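Visitor: Supplied in structure tokens, the structure appears directly below.
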Amino acid sequence: MEEKFNRLLFIPIAAVLFLMIGYQYVCPADSNTCYFRSDEKGLFQRYSSGLELLYTEPEVDEDLPSKITSKFNFTERDLDRHVDFNIRGDDVMVFLHIQKTGGTTFGRHLVKNIELEQPCDCLAGQRKCTCHRPGKAESWLFSRFSTGWSCGLHADWTELTSCVPVVMNKRDKKSAPKSKRNFYYITMLRDPVSRYLSEWKHVQRGATWKTALHMCDGRPPTQDELPACYSGEDWTGVPLADFMSCPSNLANNRQVRMLADLSLVGCYNMSSVSELERGRVLLASAKANLRNMAFYGLTEFQRKTQYLFERTFGLRFIRAFTQINSTRAASVGISEKVRWRIEGLNALDVELYEYAKELFLRRYQYNRQKQHQEERLRRWQERQQRQRMHRTYLAQLWRLGGGGGGEEEEQEEAKVLEQVATTEDYSSQVVRW
């Protein structure tokens, strides 16, 4: 009788002990998984991101609106961008650097701020870094700060796609027919008005980019096809009105021109097609090339740019990107009339940016939702593992307490396990809520 009483007493003791252990699993003492708020009723759960996540939660002022205004029809294939970048193999990341889009800052992130098995070797006083693959004297990155302007100063999509494979095969001493490489193109875009004003201020300080090649279909443009906007060495001190008045100013719709396939419209020969048709073809080409690129970021969304790059390539930046809004372009005060004029000169860029912004934000939203689903699945798998461990532990504890050996004892053990399963299921529901 006394032995049976001891066994019955063991059941509630074991259940209490299990609940204490289970609480420690769900709400560890050194975590903030479970907490109470004094200003609200009930138990609230929140989960830390975990060490395996590549990105911390965006800042509040960068959070997405609850609904993104939909103007374009994007497929799941457009939104789901993931690259199995083989840095040990032959894959090459190609950075298309458009002027005044924050490309210099992003380019430095690529060579100085990525966690790599073999980091880029950047020596003080040198503009270029050596970005070799692990164990190989071959570069995995084609950019200003790694390979330099090997295809020309600020080479565009038309130039890079025909030049990069040849240059990289020559650098690495590979035979093009035998070596099938993957070239992953990336770029940065910026609000067209801000970018235009920034380029004007840069040219006003003496920048020219006159050494750019502008190669297309195997040749540079003639003087008649691309006349200069100034007669001297540079355009230092140019007023904004004069900057806007030059019809051959490459600042106009620069982002569309640098992302499109110029061979579709006869390169820089403006007489090959009508101006309206030229704009339509270039815009469609720029949208397609941008959509099919491995990755692109937006200057106005630095943290989201970091997040999407990390999710796309499976690489992690060491330091978080910083959003800097106090730029030279932001300090320029212009009237509404001047703004309209700039938007008119950059009508193709304005439409491209609207397209790029919606696609960018939808990709971000898609990846956040996908990440949350992955986290829920991971937590569910962890709970299942904990439940199995608890059941095993309780069964062993029951046997150590003298259980087992008879039908009555097996029934008592089954009751305990059933109580445990019910408690664990409730705990998992609390975590889910």
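Visitor: Identify all residues within the stretch 315-361 that are open to solvent by less than 60 Å² (accessible area, probe 1.4 Å) and closer than 20 Å to Met93 by Cα; write none if there are none.
Guide: Leu315, Phe317, Phe321, Phe360, listed by residue number.
Visitor: Also, quick follow-up: Please find, among Thr305, Thr312, the residue that is farther than 14 Å from Thr105 by Cβ, assigned to a helix (DSSP H, G or I) and open to solvent by less than 60 Å² (accessible area, probe 1.4 Å).
Guide: The unique qualifying residue is Thr312.
Visitor: Could you check, for the stretch 238-248, whether at least one of its residues is part of a loop (DSSP other than H, G, I, E, B), in contact (Cβ under 8 Å) with a residue 12 or more places away in the chain and within 30 Å of Ser162 (Cα to Cα)?
Guide: Within the stretch 238-248 (the criterion being part of a loop (DSSP other than H, G, I, E, B), in contact (Cβ under 8 Å) with a residue 12 or more places away in the chain and within 30 Å of Ser162 (Cα to Cα)), the answer is yes, since at least one residue qualifies.
Visitor: Checking the structure you have, find out if any residue of the stretch 116-124 is modelled with pLDDT under 95 and either open to solvent by 70 Å² or more (accessible area, probe 1.4 Å) or in a helix (DSSP H, G or I) (or both).
Guide: Yes, there is a match, as at least one residue in the stretch 116-124 is modelled with pLDDT under 95 and either open to solvent by 70 Å² or more (accessible area, probe 1.4 Å) or in a helix (DSSP H, G or I) (or both).
Visitor: Oh, and also: Take the residues in the stretch 230-263 that are under 32 Å from the mean Cα position of the chain (by Cα) and open to solvent by 20 Å² or more (accessible area, probe 1.4 Å), then tell me which one is nearest to Ala347 (Cα to Cα).
Guide: Asn253
Visitor: Would you list the helices (runs of 4 or more DSSP H) that sit entirely within the stretch 317-433 and hold 3 or more residues that are at pLDDT 85 or above?
Guide: Helices (runs of 4 or more DSSP H) meeting the threshold: 336-345, 347-400.
Visitor: Somewhere in the stretch 264-282, is a residue of a type in the set (Val, Ile, Thr), in contact (Cβ under 8 Å) with a residue 12 or more places away in the chain, open to solvent by 10 Å² or more (accessible area, probe 1.4 Å) and at negative phi?
Guide: There is at least one residue in the stretch 264-282 that is of a type in the set (Val, Ile, Thr), in contact (Cβ under 8 Å) with a residue 12 or more places away in the chain, open to solvent by 10 Å² or more (accessible area, probe 1.4 Å) and at negative phi.
Visitor: Within the stretch 240-256, which residues are out of contact with any Phe, Trp or Tyr (no Cβ under 9 Å at 6 or more places or on another chain) and not hydroxyl-bearing (Ser, Thr, Tyr)?
Guide: Matches in the stretch 240-256: Ala241, Pro247, Asn253, Val256.
Visitor: Right, another one. If you check Lys210, Lys174, Lys180, Lys170, which single one turns out to be within 28 Å of the chain's Cα centre (by Cα) and modelled with pLDDT under 95?
Guide: After ruling out the rest, the residue left standing is Lys180.
The values are calculated or read from the model by the stated rules, or taken from the named source; none is laboratory data. What you see is a predicted model; the values in this text were computed from it and never measured. No Cβ is skipped: glycine too gets one built from the backbone with ideal geometry, and neighbour counts run over all protein chains shown. Areas reflect the complete protein model, heavy atoms only, side chains present, ligands, DNA and RNA absent. Shrake-Rupley method; radii C 1.70, N 1.55, O 1.52, S 1.80 Å.
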